[in-house]
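Input: a single structure, listed below in structure tokens.
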Amino acid sequence: MPERILQVATAMSGQANDKITEIKAVTRATRTLALNALIEAARAGEVGRGFGVVANEVKEISQRVTVITEELENMFLKLASDLEETAQMARGDRFSDLARYAVELMDRNLFERSCDVRWWATDAAVVDVCENPHDEAIAQRACNRLGVILDSYTVYLDLWVADKNGNVIANGRPESYRLKGQNISDQAWFHEALRCRDGGHYAVADVEQNPMLNNAATPTYATAVRKGGDVNGEVIGVMGVFFDWESQAPMIVKSLNFSPEERERTRVMLIDANNRVLAASDDKGILSEKFTLRVDDPARGAYLLDDGALVAYALTPGYETYEGLGWRGVIVQAPRSESVVVA
């Protein structure tokens, strides 16, 4: 609807300008004729006096028409401008809503990941391997259990369990990622998980490429494993889960409801708190591009670039107990008949 209003406003403005141009041309011609008539009346002397009066009247009418035409022109310009501004505001609101929808949809998904890690950290096999980190049979059972979980939860690359020193003692896909015995104590999320004050808390790391997962991009969710699986039990290890970002994120940014024509000139992105592109509907700039975003209102907004492209954004509101990581949804739509422009 905002696009249609813009089309109508543009068409109305164009037609009004065309007609006003025609009126101005007629008025100029009338003034020229009136001036010529006055000259001829002056040459005719007394005989042309009456004709001169008529010529003066025509001249005055022409001047009045000129004033009315200018008033009409200004009125149409203002109406078209107001209509265009209203349409742009409506379009900006619509796109800001869509941007918020995209980032909120992702955070609803990631909220579930924060729940998963806290739940699985209490699993008997996970607790058992942390209590007996050197028992190979128990470690194998833990790997098998994590593999069963991964078979049902296909949004993960892998699930890891490490002892308090950061040594990986079990993972769900050992055939893909040979991690047993590797140390992850240099990972910030591991130390944050150790410091979780109880089983209801978790640590999270923003999307990064993980060398231990074949450089796949993933956000990491982790929490402490506690003795006996008790919510306030002694910390005996850490569990980390790795979301399959490269498979899941594109589905979010490519799911918005645009017409085929709109989709061709629209770029949907998720960006982090530092404006780094995390996901993009055109699959470009992932984790390498910093998007230049003008933020007037931190929560949401929209504005036009010099080339007429619309930029709309919205900050994640979080979801339930998941506050989010300061991500924003961003939509850039180029004007019609132009390619998408990246700010």
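No value in this document is a laboratory result; all are computed from the given coordinates. Everything numeric here is computed off the predicted structure, so don't read it as measured data. Backbone-built Cβ (ideal geometry, glycine too); neighbour counts: all protein chains shown.
I want to confirm something. Restricting to region 91-115 and keeping residues that are of a type in the set (Ser, Thr, Tyr) and buried (at least 17 other Cβ atoms within 10 Å of the Cβ), which single residue is farthest from Tyr153 (Cα to Cα)? Reasoning before the result, please.
Within region 91-115, the subset of a type in the set (Ser, Thr, Tyr) is 96, 101, 114.
If we keep only those that are buried (at least 17 other Cβ atoms within 10 Å of the Cβ) too, we end up with 96, 114.
Values: Ser96: 32, Ser114: 14 Å.
This residue is Ser96.
Taking Phe258, is it under 25 Å from Leu157 (Cβ atoms), in contact with a Ser or Thr (Cβ under 8 Å, 6 or more places away or on another chain), surrounded by 13 or more Cβ atoms within 10 Å (Cβ to Cβ) and of a type outside the set (S, T, N, Q)? Steps first, answer last, please.
Values: under 25 Å from Leu157 (Cβ atoms): no; in contact with a Ser or Thr (Cβ under 8 Å, 6 or more places away or on another chain): yes; surrounded by 13 or more Cβ atoms within 10 Å (Cβ to Cβ): yes; of a type outside the set (S, T, N, Q): yes.
No.
Out of the residues in region 126-171 meeting the condition of being in a loop (DSSP other than H, G, I, E, B) and over 34 Å from the mean Cα position of the chain (by Cα), tell me which one is nearest to Ala224 (Cα to Cα). Break it down into steps so the answer makes sense when it comes.
Narrowing region 126-171 to residues in a loop (DSSP other than H, G, I, E, B): 132-135, 153-155, 164-166.
Checking the rest, the ones that are also over 34 Å from the mean Cα position of the chain (by Cα) come to 132-135, 164-166.
Numbers: Asn132: 16, Pro133: 15, His134: 19, Asp135: 20, Lys164: 9, Asn165: 12, Gly166: 12 Å.
Top of the filtered list is Lys164.
Does Asp282 qualify as being assigned to a loop (DSSP other than H, G, I, E, B), surrounded by fewer than 17 Cβ atoms within 10 Å (Cβ to Cβ), charged (D, E, K, R) and in contact with a Lys or Arg (Cβ under 7 Å, 6 or more places away or on another chain)? Even if it seems obvious, please write down each step before you answer.
On the way: assigned to a loop (DSSP other than H, G, I, E, B): yes; surrounded by fewer than 17 Cβ atoms within 10 Å (Cβ to Cβ): yes; charged (D, E, K, R): yes; in contact with a Lys or Arg (Cβ under 7 Å, 6 or more places away or on another chain): yes.
Taking the combined requirement at face value, the residue satisfies it.
Any idea which of Thr218, Thr223 is within 30 Å of Pro250 (Cα to Cα) and under 25 Å from the mean Cα position of the chain (by Cα)?
Values: Thr223 fails: under 25 Å from the mean Cα position of the chain (by Cα).
From the options Thr218, Thr223, the qualifying one is Thr218.
Mind listing just one residue for me: the one in region 136-151 that is hydrophobic (A, V, I, L, M, F, W, C) and touching a Gly at 6+ places or on another chain (Cβ under 8 Å) and, of those, surrounded by the most Cβ atoms within 10 Å (Cβ to Cβ)?
Of the residues in region 136-151, the ones hydrophobic (A, V, I, L, M, F, W, C) are 137-139, 142-143, 146, 148-150.
Still in the running and touching a Gly at 6+ places or on another chain (Cβ under 8 Å): 143, 146, 149-150.
Details: Cys143: 22, Leu146: 27, Ile149: 19, Leu150: 18.
So, considering only residues that are hydrophobic (A, V, I, L, M, F, W, C) and touching a Gly at 6+ places or on another chain (Cβ under 8 Å), the one surrounded by the most Cβ atoms within 10 Å (Cβ to Cβ) is Leu146.
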